[in-house]
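Working notes, beginning with the structure itself.
Bear in mind these aren't lab numbers, they're just calculated from the coordinates by the rules spelled out. This structure is a prediction, so every number in the text was calculated from the model and none was measured. Glycine gets a Cβ as well: all are built from the backbone with ideal geometry, and neighbour counts include every protein chain shown.
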Amino acid sequence: MSIANVKKVKSSEIELKDRLVAIRRVTKVTKGGRTFSFSAIVVVGNENGVVGHGLGKAKEVTTAIAKGIDDAKKNLVKVPVVNATVPHPQYGKYSGAKVYLKPASNGTGVIAGGAMRAVLESVGIKDVLGKSLGSSNPHNVVKATLDALLQMRDAYTVAEHRGVALDKVFNG
């Protein structure tokens, strides 16, 4: 994730919806027997370009989810969304997980699975083609999807970065 492109957002300013990506039961074997705890991966977003992810761990499922939501609200970022899809095709990578996002025409829907779908729907993307190419580990797929989204730039950002008018970006 390129730090220069990331725009942090405060969670108190917006209405967020949370989505549970995965819950895992973790077992620790000790001298006295087995100790169970839970880890929950949660994605929050306002369905208008703001998204964040978090991990919560606790002895109970509900507490783990609540901790995950709190962690996700601390990691909110702004993502460009153009006509309910992504601005351009983009690869994202995190550890062993690789994802590919491609813009889709209006009415296509979110063609993506599992963890990637939760992130894209939380951002507010309604039409996209997505493919997970590497690891299917939900932690890494969520982070790879966010990496791809954070690398995206809309036409306004490109024009501002190059110091040219908006119509010059498309004409050459």
- Message: Taking the Kirkwood radius as the inverse of the mean 1/r across Cα pairs, report the Rg/Rh of the range 80-171.
- Response: 1.02
- Task: For each pair in K57/K93; K31/K74; K59/K98, compute the distance between the two Cα atoms and list the pairs where it is over 29 Å.
- Result: K31/K74; K59/K98
- Note on the structure: Pseudo-spin-label distance R24 to K10, built 7 Å along Cα→Cβ, given in nm, is 3.5 nm
- Task: Take the alpha-carbon positions of the chain, form their convex hull, and give its projected area averaged over all directions (one quarter of the hull surface) in nm².
- Result: 11.7 nm²
- Rough spin-label spacing in nm, given labels placed 7 Å along Cα→Cβ, for A84 and T157: 2.2 nm
- Given a Förster radius of 25 Å and the C-beta distance between N171 and S105 as r, what FRET efficiency does 1/(1 + (r/R0)^6) yield to the nearest 0.05? 0.65
- With charges only on Cβ, +1 for K and R and -1 for D and E, what is the dipole size of the range 80-171 about its Cα centre, in debye, rounded to 20? 260 debye
- What is the local net charge at K93, summed over the other residues whose Cβ is closer than 15 Å to its Cβ (Lys, Arg +1; Asp, Glu -1)? +2
- Task: Relative to the compact-globule scaling 2.2 N^0.38 Å, provide the ratio for the alpha-carbon radius of gyration of the range 3-77.
- Result: 1.32
- Surrounding charge for T35, neighbours by C-beta under 9 angstrom, Lys/Arg +1, Asp/Glu -1, total +3
